[in-house]
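For reference, the structure discussed in these notes is given below.
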Amino acid sequence: MKTSARTEKIRKILRTRYTDVKTQLEYNNPFELLVATILSAQCTDKQVNKVTDNLFRKLKTPHDFATAPVEIIEKLIKSTGYFRNKAKNIQNCSRSIVENYEGRVPKNLEDLTKLPGVGRKTANVVLGAAFGIPGIVVDTHVSRIAQRLNLSDNKDPVKIEFDLMKIIPEKEWNDFCLHLIYFGREICRARKPLCNDCPVTKLCDYKDKTM
């Protein structure tokens, strides 16, 4: 990993470029965000939003999801992919929330990651966006860019999370990850990064630059 001065330059550039960042998932409460984030695995946020617009009109609360026939949930979320596994996780997650947390989404990482289908990435999305609690969300964009910019020497998402926690101020954790996500979608793409248009190219040693 490179120096803190270099990291500060990267943070400043991305802050300036992406001044207003937020999750692209649409939701009205923490439970809706939790469900939407589970659905977002291997699916675009745009498609998830199309699905949840109808889904949350028919099933509104953890109790609704916990008691609905799983086949109904599968049908409503089918277009997000891996729908059988997602439906099972969402229903079991909802049941746990009803049985163990009085129908409310827990506000801490430990309890969130006890819920079926909820890993650290999903938990940190909910904590950051719904509750304003700092967390590092390591999705495919954050993982890829953290390695390309040499902010982490690891490939494991949990190790990347802890590497970033060491070099990014806690108050910036949520926004910094969103900066990387926006940057990954616009510039630092997986297959053909737009290195000629990259605002941090002078700070980047990525060996496969497309100049």
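Output the qualifying pairs, or none if there are none: Cβ atoms under 6 angstrom, residues six or more apart or on different chains, first residue in the stretch 172-189 and among the small types (G, A, S), second residue crowded, with 22+ Cβ neighbours inside 10 Å.
Pairs that qualify, where the first residue is among the small types (G, A, S) and the partner is crowded, with 22+ Cβ neighbours inside 10 Å, are G184/I145.
Which ones in the stretch 43-63 are in contact (Cβ under 8 Å) with a residue 24 or more places away in the chain and either over 20 Å from N28 (Cβ atoms) or out of contact with any Asp or Glu (no Cβ under 9 Å at 6 or more places or on another chain) (or both)? Don't jump to the end; show me each part of the working.
Here is the first cut: in the stretch 43-63, the ones in contact (Cβ under 8 Å) with a residue 24 or more places away in the chain are 43, 47-53, 56, 61-63.
Within the stretch 43-63, C43, Q47, K50, V51, T61, P62, H63 qualify.
On the given criteria, is T37 among the polar types (S, T, N, Q), closer than 19 Å to I181 by Cβ, surrounded by fewer than 17 Cβ atoms within 10 Å (Cβ to Cβ) and within 14 Å of the chain's Cα centre (by Cα)?
Details: among the polar types (S, T, N, Q): yes; closer than 19 Å to I181 by Cβ: yes; surrounded by fewer than 17 Cβ atoms within 10 Å (Cβ to Cβ): no; within 14 Å of the chain's Cα centre (by Cα): yes.
Criteria not met by T37.
Quick check on my filter: what residues within the stretch 171-210 are under 15 Å from K12 (Cα atoms) and over 16 Å from the mean Cα position of the chain (by Cα)?
Within the stretch 171-210, K171, C198, P199, V200, T201, K202, L203, C204 qualify.
Only one of (1) in a helix (DSSP H, G or I); (2) within 18 Å of the chain's Cα centre (by Cα); (3) surrounded by fewer than 19 Cβ atoms within 10 Å (Cβ to Cβ) fails for D53. Which number is that?
With (1) in a helix (DSSP H, G or I); (2) within 18 Å of the chain's Cα centre (by Cα); (3) surrounded by fewer than 19 Cβ atoms within 10 Å (Cβ to Cβ) applied to D53, the lone miss is (2).
Is it the case that some residue within the stretch 132-140 is part of a loop (DSSP other than H, G, I, E, B), in contact with a Cys (Cβ under 7 Å, 6 or more places away or on another chain) and within 22 Å of T113 (Cβ to Cβ)?
Of all residues in the stretch 132-140, those part of a loop (DSSP other than H, G, I, E, B) come to 132-139.
Filter once more, keeping what is in contact with a Cys (Cβ under 7 Å, 6 or more places away or on another chain): 136-137.
From what is left, the residues that are within 22 Å of T113 (Cβ to Cβ) are 136-137.
Checked against the condition, which is being part of a loop (DSSP other than H, G, I, E, B), in contact with a Cys (Cβ under 7 Å, 6 or more places away or on another chain) and within 22 Å of T113 (Cβ to Cβ), the stretch 132-140 yields at least one hit.
Each reported figure results from applying straightforward, stated rules to the coordinates on display, with no laboratory input. Treat the numbers as computed from the prediction; the structure is a model and nothing was measured. When we count neighbours, we look across all protein chains shown, and the Cβ atoms used for this are built from the backbone with ideal geometry, even at glycine.
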